[in-house]
Structures are given as C-alpha cells and as structure tokens.
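Only one structure is covered here, and it is reproduced in the block below.
The values are calculated or read from the model by the stated rules, or taken from the named source; none is laboratory data. All of these numbers come straight from a predicted model, not from anything done at the bench. Quick reminder, even Gly has a Cβ in these numbers, built from the backbone with ideal geometry, and neighbours come from all protein chains shown.
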Amino acid sequence: MGQYLRSLDWVLLGATLALVTYGLLMLYSATHEDTNISSPFYYVRSQAVGFVLGFVLLVIISLSNYRVLRRFRTYIYGANLAALILTLVIGSGSQEVGANRWIELPFFSLQTSELAKLLLILSLGGVLSEGAELRHRFRFVVFTVLYILIPSVLVFLQPDLGTALVFGAILVTMLVVWGIRLPHLGILGGGALVGAVLVLRVLPALGLRLLKDYQLKRLTLFLNPESDPTGLGYQLTQSKIAIGSGMFTGKGYLHGTQTHLNFLPAHHTDFIFAVVGEELGFLGAMLLLGLYSVVIWRTLRIARLSSDLYGRLIAAGVAGVMIFQVFVNVGMTIGIMPVTGIPLPFMSFGSSALVVFLMAIGFLQSIHVHSVAGQER
Amino acid sequence: MILEPARRKRPPEDESFVGIRVGVLLIVAFALFGVVALRLWFLQILSGDAYVAVAADNRLREVRVEAPRGVIYDRNGKILVENRAGLTVGILPMAMWNPKKNPQEFAAEISRLAEVLEVPEGDLLAAYDRAKKDPYVTYPVKEDVPEDTVVAYLKEHGEEFPGVQVEKAFVRRYPLKSLATHVLGYVGEISQSELDREEFATLKIGAHIGKDGVERTYDSYLRGTDGWKTVEVDAAGRPKRFLEDVAPAPGANLVLTIDSELQAAAEHAIVEGIQRAHEQGYVNAAGGAVVALDPRNGEVRALASYPDYDPSLWVGGMSKKKFSELNAEQAHQPLFNRALNGLYPAGSTFKPFVAAAALNAGLITPESTFDCSGKFSVAGQTWKDWLQGGHGPGVDLIEAIKESCDVYFYNLGNLLYQQQGPVLQDGVRRFGFGQTTGIDLPGETDKTRVPDKYWKREHGNTAEDKLWKPGDEINLAIGQGDLLVTPMQIAVALAAIANGGTVWVPRLGLRITDASGNVVHQFEHEQRAELGINPRILEVIGEGMILVTSATGGTARAAFEGFPIPVAGKTGTAEKKPDDDYALFMAYAPAGADQVPEIVVVAVIEQGGHGSSVAAPVVRRVLEAYFHTESGGTEIIPVTE
C-alpha cells in the first residue's frame, strides 16, 4: 500500500483536485443567485455528488490494472455503441433543441456522450496497440477512422456536434502517439478539411443538410457576433464583455455584474470561464490555464513513461480530450472559436462529465503506478 | 480488480520517437494555450477599460423622475392650472415581441394596444421606433389613461401585453375649465426639433414643456429640474438596486396679472354680445374678443377670445379626431387667440388716434370745426356719413368724437394727405399700431398694418393701385381701408390716451413664487414708449370720449345708461367686405378730470354689426365686473352708429 501511494502521481492528483475545487467555487458564484433553483447550493451540491462519486471511482481505478481492459476492447466498444443507441431511443433531453442526451438511471442522469469519450479511448487504445505492427498500412488507419466514425455519427444524431469533434481529437492525438506515419497524417488532415468543406459549404448548396441550421449558424457566428444581437451572438458578446471587464484582477469573487445580473447566459455550463474572467480577471484566468497546463503536462508525461503502448495511448487520448475541450471552450468565450457546445473539463456544471474526467485521472494514475517510473519510485 | 499485470505476449512496440511525438503534443497544447493567453491579455488588459464601460452600460439605467410643474395662479391667488396624478401607459421595447422574430405576435400586440388605448396603430409603431433606440427605457405612448377602464383592462390581460407598462405621472388640471385657455396655453412632450434647441439642451426625450401661452413663455420657471434614479437592472430589465437618487426640484409657481373673475365676466360678455348680435339680425356673428388692461402699468386683467375650448384636451396629447373637430369650419377656430392675433379694421375706434395725430401736428385745434352735410367729396369721389343728413354745421373735435362724425374725419384725412410725409401714419404708429405689442405670449401676429404710400407701392395690384391717393388717407382716417389692428393693440393705444401718454408693453406674468408662496421674482412693468403728445390734447380727446357714453347724442349713451362710474369710450362699426360689419368698442374708466383711469376695455364681436348696440354692452359688462356695480342699463339698446 505504501508503495502504491508512493507510485501515485501526486502532482496530477493535486492539480486535479485544485481544478475541481476551483470549479465548485465558480459554480457557486455563478448560480447562487439564480431564481429558478430551490437553494443557492443546488448546482454545487449536485456537482459535489458527482465529485464524490468520481473520486471514489478514481481511487478504485487507480488501484486496478488498466491493462486488463485491453482484452475487453470489443465489449467496451459494443457497450459504448449500445449506450449511445439507447440514448437516441429512450434518452431524455432539453426541450428547446430537441436533443436526447441523458439516460435516466435510478440515482443518476447519465450523459452517455461523456462516458463515450472514455470508453472510446479505452477501446481504440486496445485496437491501436493490437495493430502496432500495422503502422505502415494506411488501410489500418482508415479502419480506425471508421472505428470512431460510428460512435461519432451516433452522438451527432443526438445531436451533439461537439462530442463528435472530441472523438476526432481523440483519434488524432492517439494516432500521433501511436506512431502514425507522417504522410498518412497528412492524408487524414486533408480528408478532414475536404469533409469539413463538404459538410459546411458544398452539401448545403446541393440541398443536403447534415448540420441543422442552428448548428451551422453557431459555427460561423463567432466571426461576427454583432450580426445576431439578440440570440447566440448576444451570448458571445456578453461573454467577451464579462471577460474584458474583469481586467487584471477581476471584479472580485461573487461580484461579477455580468454574471449576477444574468447578462451572461449559460454561466454555469458552457460559459463558466467567463465567470472566472470577470470575477478573478486575467490573474484568475491564468491560474486556471496554469492548472490545466499542469494536468496536461503530467498526462503527457505519463504517456511517455507508460510501460506499455496501451497505457501510452490511453494517456494520449485523455490529453487530447483535455487540450481540445479547454481550447475550444475557452476560445469560444473569448471569441476566437466557434460555438460547438463543448464544456470546460472539471469546471462546467455536469456531473457525468466530472465523474468521467475523474475516472480518466484514475486510469492515468493506474498507468503511472504500473509504469517504470511508478515502479522505480 | 486485479493489480497484477496480465502476463501475455504483447506485440513489440515501436518505441522510436515516443518522446518527440509526446513532446509535439505538449508543444501544440502550450501553443494553443498561448494563443488563449494572448487573447485574454488583449481583452482584459488592453481593452479592459472599454469593456468595463460596456458592462456598466449593460446594467445601469438612469430613470428620469419628472419634476412636478409649477402652479399658475391668477392675481388673487386663485388656481388656474395645477397638477394631478395621472396614469401613463408606456412601452418597454425589449420586453415586447421582437418585430423581426415574431412579426405576427408583435403586430397583434400593437393592434390590441391601439384598440384599447384608442391610439392609431401608426402612432404606436412610430413610438416603438423612437423607443427602441433605448429598449430598456419605458417610452410613454399615452398619458392620463383612465384607471377604472383601460388600466384595469391592461392589468387583467397583462399576458397579452408584454412590455406594456403603466406608470404614475403628473398631468395638468384646469379647475376653472376653459377659463383663460388662450392665455394659459398647454404642455406637451418635447419634440425632436425642440430637443435640438439650446434652451432645452438639458432636457431628454420624453420631457414635458410648455407649448403655448404662458406655459411656453414662463416654461423655464414652471418646469423645474428633473431628478433621476440610477437603477441596476438585470438582463431582463428588472430593477435590482437603486444606486443613486436625485430628487426632482419642483417648478416655481407663476402668478398672472389676470383676474379670474374679470376674465370670466369678459368671456361671458362675449357670448352675450354674440347673442345680442343674433337678435339684431347679425346671424353670422360667431367669434369675439375682449382685452382688459390696466393703463397705469400695462398689466392684462382679462384676455378673452371666443370660441374657446377645453385645455385639458391637450393632456396626454390631443387626439387627431379632436384636433380636426376643433379645426372644422363650423367650430370657428377655437384654438385661435383673437384678442392677440385677430386682424380687424379698427373702424371708428381709430378716430381718437387720428385726431391725436392731427392735433399733435398742429393741423387743427380742438376748436377747429367742419361742416357736416352727410357727405364729403374730393377728387371726384364722394364719401357718406353714417348719419344720413349729417351732423350739421360747425362740428368740432369733441362733437365729432361723441357722435362719431365721419365727415369731420374725412376732412382730417384730406388735410393729412396734403401734408409732407406720413403725418397720420407716424402719429398712430406712436400708439403702437402696426407693430407687435411685445406681450409675454408666444406667437403674436406681425401681420398688423398701418398702410402708407410705401406699403401701397409694394402691394398695389396695378400701376394705378400702387399710388397712395387721397381716398386711401381718407379711409384710413376713419379706421378703414387697408388698416389692420388687433384688439390688444387698440387696448395698448387707448391706455396711452388714458394714462397721459405712456405706451406700455402688456404683461401677463406678475411674479414667480416658490412652493411656500415666497416671491422669487417680480416682473417689472415695461414702458415701450412715451407718446410725446401734449397731455392737453389727450385730455380733450378723453372729454369727447366721455360724452360718447354720457351725453345726449353720444353713440354709446344708451349702452351706459345708469352706469355710476364715468366712462370714456368710442364705438366702431368696421367694414370688412364681404363679411358683415364688425362691432367694436373701447373704453377706459374712471374717466374725467381728477380721475386716474384704472382699466381699459376693448371688445370686438366679429360680424356682430354695430359697435354701439353690440360691442358697447360687452364692455359695460366687463366694467361692471371690474367696479362691482349692479348690472343695469336697458336691455334693448338702440342702434346709434
């Protein structure tokens, strides 16, 4: 046990707990004055429950051996698809976008697309490590693309464009660490570009609309938010105002006017970063980015130190998710990235996501414990 | 869970470049975060101040608290205009349906609101266009909305009217109804063009200002200073906190020179005069005016114009329907202030001023006489006297005024025509004819006219018509021809005769007082000019005018039968073709040696016929009210002119 404790990545764990605490504090600030909730702690309590559950899972997973899962990759993949299909069939969701995102469990509403990220990393990691000898075969790369395309389509149908894009980020980072040949990566990038142009420009012109109107609008609105001063453009403008008006040190915790007077929409979910920017200013934002940097650095370090390819790939996938989600979410709030509905890891309200990210940290700890570095310490 | 690693044969890994590949990912991550940090630096440090200002704009609303307007009193402290609480219906654009996103709902709401408020839809849409420039501020669309019907309905059906709000506001109240309506004027919302004027530089859209009458002239005193509240609002525009509160400073009160009782008597007398004109067969008589002036200082004691209207129609904005009703032909222009702006030939009321001009020029003396055979001929043209057969031989000035002998003044006109320069015109202009009086009311007409050869040269229709001929001067000498005067001008001119030669600027504002009645500002009486005419001349003219009301053969003798105070008067029956004759009378009292005249009264009844039988009784009624004498005199007054 002492060896186990000494083998843990305490820096990663510390940074993770700091992020969760930071998130709970900002969530309280963002929501305690909301009028549609029964208690000022409504959201914080719900998120804290997710944290407790996630932390228990983190500990259990870190105590277990991640390598076992490689054998079950096909079952994991199948379960993942089943859960996503089930979500489409019986899932519940918000009325206004007509999306099905959650499966109601007896004690928990599970957002299957969040869990799907982790399950996909685990199963794709298995596939890639089994196919380590096929690095020179472009066909195998194409196979992995198809492999993630199926769950991508399923979440896209919810519709959840953001998670589908996260799946893409997972594939790319895992392929890079796996050792994809550069020409193959180039073809993959070119294909993605062509696909994007097809979906965004060509197909709509031909009358085939893969993306709903609101999705298309959201993707391009950040370039000119003033063109829609009442709807989403209003949100983007208000987010920039919130962050900009925070200046160097912010307006003070619980004193963000944009947040508390409701000018900032979705301030507890997609736009929680704007609350940080407004109330804690440039310093608070840099502190947050610093914590993410530590987590990502430690995650990639684990990828490098992992004693096997499977662990390396899992760590790479987790790093990919975090890099992509942090950049796209923060980028959206500051007006340099489109609106895709991607939440901020550990910060945005949503206990499914929090539990899944804590589980991912658990896997990272497990890899660390089993790695050479972990053994040597 | 199993801690032990699975011991299975694993495929060999390609361990080459692992560090580099992971390193690339780390570099990519840090590069992306670097972009974010740079952007944050730009937003928060470089542009922070601008965003702070925008955030403040977002949440802070300045709500104007309109200052209650000052009260207007008559000279005896009677309230003419005060304030009462009214309910204003306004629109808050940001809370309404968006006309672009929900055009049907928006249109439906506008049409429902138009129906309930009885306001044209176009007006509401125009108001919405103005209001949406500041969509978080309630913009008034209808003031003084009845509480028990309209407001109750709006509240009951609140869900059908998103963004429609009811607020308390002060509106004007007129306890004496239409009394002195032309003096008081009205109050209305400031217009865009008015906002651009310097005098209203401190005002904002939605403010109320005096639009006419003394409300307009003394607006800066009456208006007060608006207060404001700084309110912190949330995104839905709901007020959260009051951050700052500056109480409004109520406007100061205005005391007028008007005596409301005399004013009421004057207004009533015009109605009586019109009735009398109708009885005498002048069925077209429909309008009239009375001016009562203190000749000692120019204070206006009464200024009446008939027909009048209810000034409370302006409260909350006059409806188009009402406005067109008031402007209909059969309404006879109730909005028009005849006392100040009615343009009339003076008729025989002009004769005393003509006489003063001739006497002052030394053309005649009071003893000079002319023979009156009933007609006068010069240059092949003949003028008739109003009295067939004439006033006999040897008519002197006093008799000419008393009996309003036309032939005497034809002779004066002929004499004046032969002088070098415009002796007659200059003489009467000293009394203020042909110029604005400078009264403290807006919009005084500048169309009055004392015709002379220059005017004729400019306005004549033909070469022949452009010449100033003896006939023009002779017509002018009896107050006819192209002469145009206003009742106010006659009153100011007569006051100068009554007070021995001072032409006053007539005044309605007496003083400004604060809420506790302390005098804040006392308005000075203003002399426009001294006539520079020998007071003896004015006395002689006054003697003739006294005989008008008192001597046998005086044209207004019957009208003033039994009146206990000596009155100096002059009748006028002015021709204004194709209209029926206009009845005029002017008087001052008490008149005579050792008397100090206190009041000048001028009355005009449009198309009322004779000055002696229609206008003179009107003046008598006003004088009775002024001197509080018993109403008397014969009801049927014979026509003498």
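Of the residues in segment A:170-192, how many are more than 11 Å from A:ALA316 (Cβ to Cβ) and hydrophobic (A, V, I, L, M, F, W, C)?
Counting residues in segment A:170-192 that are more than 11 Å from A:ALA316 (Cβ to Cβ) and hydrophobic (A, V, I, L, M, F, W, C) gives 6.
Among the listed residues A:GLY50, A:GLY126, identify the single one that is part of a helix (DSSP H, G or I), closer than 28 Å to A:TRP10 by Cβ and among the small types (Gly, Ala, Ser).
A:GLY50
Only residues in segment B:380-399 that are in a strand (DSSP E or B) count as the first member; pair them with residues that are of a type in the set (S, T, N, Q), Cβ under 7 angstrom, at least 6 apart or cross-chain, and list the lot.
Pairs that qualify, where the first residue is in a strand (DSSP E or B) and the partner is of a type in the set (S, T, N, Q), are B:GLY394/B:THR369; B:VAL395/B:THR369.
Looking at (1) modelled with pLDDT under 95; (2) among the polar types (S, T, N, Q); (3) within 23 Å of the chain's Cα centre (by Cα), which is the only condition A:THR173 fails?
Looking at each condition in turn, A:THR173 falls short on (1).
Check whether at least one residue in segment B:77-90 is over 19 Å from B:GLY206 (Cα atoms), among the basic types (Lys, Arg) and under 32 Å from the mean Cα position of the chain (by Cα), and report yes or no.
Within segment B:77-90 (the criterion being over 19 Å from B:GLY206 (Cα atoms), among the basic types (Lys, Arg) and under 32 Å from the mean Cα position of the chain (by Cα)), the answer is yes, since at least one residue qualifies.
Pairs under 7 Å by beta carbon, first residue more than 9 Å from chain B (Cβ to nearest Cβ) in segment A:238-258, partner assigned to a loop (DSSP other than H, G, I, E, B), six or more apart or different chains?
Cβ pairs passing all conditions: A:SER239/A:LEU264; A:SER239/A:PHE271.
Kindly indicate which of B:THR571, B:THR552 is in the same structural domain as B:GLU299 (by TED's automatic domain parsing), assigned to a strand (DSSP E or B) and either touching a Ser or Thr at 6+ places or on another chain (Cβ under 7 Å) or β-branched (Val, Ile, Thr) (or both).
Checking each option against the conditions leaves just B:THR571.
Which members of segment B:450-466 meet the condition of being of a type outside the set (Gly, Ala, Ser) and out of contact with any helix residue (DSSP H, G or I) (no Cβ under 7 Å at 6 or more places or on another chain)?
Correct list: B:LYS453, B:TYR454, B:TRP455, B:ARG457, B:GLU458, B:HIS459, B:ASN461, B:THR462, B:GLU464, B:ASP465.
Suppose we filter B:VAL183, B:VAL150, B:VAL137, B:VAL187 for residues that are buried (at least 19 other Cβ atoms within 10 Å of the Cβ) and over 30 Å from B:ALA266 (Cβ atoms); which single one remains?
B:VAL137 is the lone residue from the list that is buried (at least 19 other Cβ atoms within 10 Å of the Cβ) and over 30 Å from B:ALA266 (Cβ atoms).
Given the criteria touching a residue at least 40 places away in the same chain (Cβ under 8 Å), farther than 21 Å from B:SER377 by Cα, assigned to a helix (DSSP H, G or I) and under 37 Å from the mean Cα position of the chain (by Cα), does B:GLY443 qualify?
Spelling it out, it is not the case that B:GLY443 is touching a residue at least 40 places away in the same chain (Cβ under 8 Å), farther than 21 Å from B:SER377 by Cα, assigned to a helix (DSSP H, G or I) and under 37 Å from the mean Cα position of the chain (by Cα).
Which number in (1) touching a Lys or Arg at 6+ places or on another chain (Cβ under 7 Å); (2) in the same structural domain as B:LEU584 (by TED's automatic domain parsing); (3) assigned to a loop (DSSP other than H, G, I, E, B); (4) not aromatic (Phe, Trp, Tyr) marks the one condition that B:GLY251 misses?
(2)
If you go through segment A:293-343 one residue at a time, how many are among the β-branched types (Val, Ile, Thr), part of a helix (DSSP H, G or I) and under 12 Å from A:ASP270 (Cα atoms)?
4
Restricting the first residue to segment B:408-423 and requiring it to be in contact (Cβ under 8 Å) with a residue 24 or more places away in the chain, which pairs with a second residue that is crowded, with 20+ Cβ neighbours inside 10 Å and of a type in the set (Lys, Arg) meet a Cβ separation below 9 Å and a spacing of at least six or different chains?
From residues that are in contact (Cβ under 8 Å) with a residue 24 or more places away in the chain, the pairs are B:TYR408/B:LYS351; B:PHE409/B:LYS351; B:LEU412/B:LYS351.
Report those helices (runs of 4 or more DSSP H) wholly inside segment B:136-230 carrying at least 3 residues which are modelled with pLDDT of 85 or more and under 23 Å from B:LYS78 (Cα atoms).
Qualifying helices (runs of 4 or more DSSP H): B:181-184, B:213-217, B:219-223.
Of all the residues that make up segment A:281-303, how many are more than 9 Å from every other protein chain (Cβ to nearest Cβ) and over 18 Å from the mean Cα position of the chain (by Cα)?
The number of residues fulfilling the criteria is 4.
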